[in-house]
Amino acid sequence: MERSIISTLLLSSILLWPLQSYAVFKDGNALYYGIIDSQRKAIPGENEDNFGYVAGVVDSKNRLPDPVTGVKFCVSENAKIDQLNEIILNYLRNHPGVRLYPATNLISAALSEKFPCK
């Protein structure tokens, strides 16, 4: 009897375990307000977290299709992080309804409009 209860609990926990999950560390709202906040402060060292996040996404996804959306961007070597943040901010300002999505996908979408791959 005890073995049956343990087996049932084990099977139930396996079936209820999520099949696929992923962490979203930053959504579009956090990205949007983070860029605005960093522009307001304009103090060296205060906006490195946001710049680092954008730079990391650009470094990891530049010239590669986004695995979720298939969107692809090709940022030139001459682009500056301030310019990229401004492009992303304008995209999020013009598309407020998408801010609930993961920031990485929104960065790809914003940059693909300004830096399409040829």
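Scanning the stretch 60-105 for residues that are of a type in the set (D, E, K, R) and more than 15 Å from the chain's Cα centre (by Cα) yields 63, 77, 80, 82, 86, 93. Among the candidates 70, 56, the residue that is exposed (fewer than 15 other Cβ atoms within 10 Å of the Cβ), closer than 15 Å to residue 26 by Cβ and out of contact with any strand residue (DSSP E or B) (no Cβ under 9 Å at 6 or more places or on another chain) is uniquely 56. Residue 100 passes every criterion in (1) over 18 Å from residue 36 (Cβ atoms); (2) not in a helix (DSSP H, G or I) apart from (1). Close Cβ contacts (under 8 Å, 6 or more residues apart or on different chains) running from residues in the stretch 79-107 that are small (Gly, Ala, Ser) to residues that are part of a helix (DSSP H, G or I) comprise 103/28; 103/30; 103/31; 103/53; 103/57. Only one of the listed residues (62, 78) is of a type outside the set (Phe, Trp, Tyr), modelled with pLDDT of 90 or more and within 17 Å of residue 112 (Cβ to Cβ). That residue is 62. Of all the listed residues (50, 105), the sole one being buried (at least 16 other Cβ atoms within 10 Å of the Cβ), polar (S, T, N, Q), in a helix (DSSP H, G or I) and modelled with pLDDT of 90 or more is 105. Determine, yes or no, whether residue 79 is surrounded by 13 or more Cβ atoms within 10 Å (Cβ to Cβ) and either among the basic types (Lys, Arg) or under 21 Å from residue 25 (Cβ atoms) (or both). Spelling it out, it is not the case that residue 79 is surrounded by 13 or more Cβ atoms within 10 Å (Cβ to Cβ) and either among the basic types (Lys, Arg) or under 21 Å from residue 25 (Cβ atoms) (or both).
The values are calculated or read from the model by the stated rules, or taken from the named source; none is laboratory data. Please read these numbers as outputs of a predicted model, since none were measured by experiment. Heads up, the Cβs are rebuilt from the backbone with ideal geometry, glycines too, and the neighbour counts pull from every protein chain shown.
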